[in-house]
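Report on the structure given below.
The values are calculated or read from the model by the stated rules, or taken from the named source; none is laboratory data. Treat the numbers as computed from the prediction; the structure is a model and nothing was measured. Every residue, glycine among them, receives a Cβ derived from its backbone with ideal geometry; neighbour counts consider all protein chains shown. These area figures cover heavy atoms from the full protein model, side chains too; ligands, DNA and RNA do not enter into them. Shrake-Rupley method; radii C 1.70, N 1.55, O 1.52, S 1.80 Å.
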Amino acid sequence: MTRVGAVIAGLICLDVIPALPDQGLESTLRPGQTTESGPISFHTGGAVANTGIALFRLGIPVHLVGLVGDDAVGNTIRQLVREDDAGLADGLRVVPGTASPCTIVLSPPASDRAFITFPGTNHTFGADDVPYDRLSSARLFHFGYPPYMQRMYSAEGDELLVMFRRAKAAGVLTSLDMAYPEARGASGRANWRQILSRVLPFVDLFLPSADELWFMLHGEDQPAHSIPQEVVSRLASEALEMGAAVVGLKVGERGFYVRTGDSLPAELASNGWQKRELWAPCFKATTVTGTTGAGDATIAGLLAGIHHDLSPEEALTAAVAVGACCVEAPDALSGIKSWPETQARIKAGWPRVSLHLNGAGWRWNRSSALWVGPGDSAH
């Protein structure tokens, strides 16, 4: 059977985004102070919408899976999803008598963002909410944001484990994205090292940000931009040792790092993914309007590259290209271009953000415009 497309499951929400002035959050939000914003816009958010609809706009058939309530917020989420295609909301199940998830996104131009979120129905999502019959015709299963989904991290990740074990048994490529646990909340107190050690043997593509993985393995806050490159490599090695086949770490403005093992699904191994260590610098955005959804867009670019059977160099290039398109718009999806448009922009000589890696064994590959690490089999 030829498998096509992707099932994208996990967290979905309504993003409420005020247009903030061009200044940092510390200057914008102060106790007792009123800040006037520009127009307030409403968008879908979370991995299901951000990664799933981005993939759809890149030309990949997708089936979206998530839970919403039977309230105005839930109705708005489904209405917004249908704007791309009338059938895209078919996999969003309405749970009667529940409140839908909603996030207030505070994202000033040229600044990192902050969120105020209500998880709602996302906390009730369990392994049985995935339509496994859909996986028989899909090539990929991607799940996003378990730290914001209580059943996924409770009981040392029992539901997450059951879900990925069943997805892997269905024969699809499995992919897992994370989110930053709430340090003072229940997700921050979860034993993420134990959860990951149980789940990652069933995950082909593990795609957190570097700071998320640092917190999960070491229980400490560490901004992604301040994590040394050797620590990024070490974090990826730890995740590989736990069982993941491919580890991709989002490192903010420093781009996207990928490290792979030597035991991979056949379709990745046949395209040159075995024992690779690569770091892709970002492309230069025309204007950084907002960073909401940039990581999800980067993942969508990577998954689209894998769908097109690209080499790791080409897939990483696609990943950071889609991520750069994303930040040119204030929300997660307005900046996403079609696959041909994205590829044309790359081939036209789109400049990259300067990135210098000075660790032992790293070298710049001019032809691919990527850094190649000491753990790379092609080194």
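So, in segment 246-267, of the ones that are within 17 Å of the chain's Cα centre (by Cα) and assigned to a loop (DSSP other than H, G, I, E, B), which residue ends up farthest from E313 (Cα to Cα)? Even if it seems obvious, please write down each step before you answer.
We begin by selecting, within segment 246-267, every residue within 17 Å of the chain's Cα centre (by Cα); these are 246-259.
Among the residues that remain, those that are also assigned to a loop (DSSP other than H, G, I, E, B) are: 251, 255.
On the way: V251: 17, G255: 13 Å.
Among those residues, the one meeting the criterion is V251.
Every residue in segment 169-211 that is under 16 Å from the mean Cα position of the chain (by Cα) and open to solvent by 50 Å² or more (accessible area, probe 1.4 Å), please.
Once the filter is applied, which keeps residues that are under 16 Å from the mean Cα position of the chain (by Cα) and open to solvent by 50 Å² or more (accessible area, probe 1.4 Å), segment 169-211 yields only Y180.
Go through segment 132-168 and give me each residue that's modelled with pLDDT of 95 or more, of a type in the set (S, T, Y) and more than 19 Å from the chain's Cα centre (by Cα).
Within segment 132-168, Y132, S154 meet the criteria.
Residues R166, R113: which one is open to solvent by 70 Å² or more (accessible area, probe 1.4 Å), in contact with a Ser or Thr (Cβ under 9 Å, 6 or more places away or on another chain) and among the charged types (D, E, K, R)? Spell out the reasoning first.
Values: R166 fails: in contact with a Ser or Thr (Cβ under 9 Å, 6 or more places away or on another chain).
So the residue among R166, R113 that is open to solvent by 70 Å² or more (accessible area, probe 1.4 Å), in contact with a Ser or Thr (Cβ under 9 Å, 6 or more places away or on another chain) and among the charged types (D, E, K, R) is R113.
Out of all the residues in segment 326-340, is one or more of a type in the set (F, W, Y) and assigned to a loop (DSSP other than H, G, I, E, B)? It would help to see each step written out before you state the result.
Taking segment 326-340 first, the residues of a type in the set (F, W, Y) are 339.
Of the ones still in play, those that are also assigned to a loop (DSSP other than H, G, I, E, B) are none.
Scanning segment 326-340, I find no residue that is of a type in the set (F, W, Y) and assigned to a loop (DSSP other than H, G, I, E, B), so the answer is no.
Cβ contacts < 8 Å: first residue at positive phi, restricted to segment 293-306; second residue at pLDDT below 95 and of a type in the set (A, V, I, L, M, F, W, C), any location; separation 6+ or different chain. Result?
Filtered contacts from segment 293-306: G293/A332; G293/L333.
From A224, A245, grab the single residue that is open to solvent by less than 30 Å² (accessible area, probe 1.4 Å), of a type in the set (G, A, S) and farther than 19 Å from F141 by Cβ. Reasoning before the result, please.
Values: A245 fails: farther than 19 Å from F141 by Cβ.
One residue alone meets the criteria, A224.
Can you name the strands (runs of 3 or more DSSP E) wholly within segment 1-76 that have at least 2 residues being open to solvent by 40 Å² or more (accessible area, probe 1.4 Å)?
Details: elements: 6-10, 13-18, 40-45, 62-69.
It comes to 40-45.
Applying the selection to segment 305-324, what residues are out of contact with any strand residue (DSSP E or B) (no Cβ under 8 Å at 6 or more places or on another chain) and surrounded by fewer than 24 Cβ atoms within 10 Å (Cβ to Cβ)? Talk me through it step by step, then tell me what you get.
Restricting attention to segment 305-324, the residues satisfying the condition of being out of contact with any strand residue (DSSP E or B) (no Cβ under 8 Å at 6 or more places or on another chain) are 305, 308-311, 314-315, 318, 322.
H308, D309, L310, S311, E314, listed by residue number.
Determine, yes or no, whether E277 is open to solvent by 30 Å² or more (accessible area, probe 1.4 Å), touching a helix residue (DSSP H, G or I) at 6+ places or on another chain (Cβ under 8 Å), more than 22 Å from R139 (Cα to Cα) and among the charged types (D, E, K, R). I'd like the intermediate steps shown before the answer.
Numbers: open to solvent by 30 Å² or more (accessible area, probe 1.4 Å): no; touching a helix residue (DSSP H, G or I) at 6+ places or on another chain (Cβ under 8 Å): yes; more than 22 Å from R139 (Cα to Cα): yes; among the charged types (D, E, K, R): yes.
No.
So which residues in segment 268-299 are in contact with a Leu (Cβ under 7 Å, 6 or more places away or on another chain) and not in a loop (DSSP other than H, G, I, E, B), if there are any at all?
L278, W279, A280, I299
If you check R93, R78, R139, which single one turns out to be over 18 Å from L200 (Cα atoms), basic (K, R) and touching a Lys or Arg at 6+ places or on another chain (Cβ under 6 Å)? Spell out how you get there, then give the answer.
Numbers: R93 fails: touching a Lys or Arg at 6+ places or on another chain (Cβ under 6 Å); R78 fails: touching a Lys or Arg at 6+ places or on another chain (Cβ under 6 Å).
Testing whether each residue is over 18 Å from L200 (Cα atoms), basic (K, R) and touching a Lys or Arg at 6+ places or on another chain (Cβ under 6 Å) leaves just R139.
Would you pick out the residues in segment 320-345 that are more than 21 Å from the chain's Cα centre (by Cα) and hydrophobic (A, V, I, L, M, F, W, C)? Outline the logic, then answer.
First pass over segment 320-345, keeping only residues more than 21 Å from the chain's Cα centre (by Cα): 340-341, 344-345.
Within segment 320-345, just A344 meets the criteria.
It is to be established whether one or more residues within segment 46-55 are under 21 Å from L207 (Cα atoms) and at pLDDT below 95.
Taking segment 46-55 as the starting set, the residues that turn out to be under 21 Å from L207 (Cα atoms) are 46-55.
Those still in the list that are at pLDDT below 95 too: 46.
Yes, segment 46-55 has at least one match.
Scan segment 359-379 and report the pairs whose first residue is open to solvent by less than 20 Å² (accessible area, probe 1.4 Å) and whose second residue is outside any strand (DSSP E or B) and among the acidic types (D, E), with Cβ atoms within less than 8 Å and a gap of 6+ or a chain change.
Pairs found: L370/E313.
For segment 86-205, which fully contained helices (runs of 4 or more DSSP H) count at least 3 residues that are over 24 Å from Q222 (Cα atoms)?
Details: elements: 150-153, 158-169, 186-189, 192-199.
Passing ranges, in order: 158-169.
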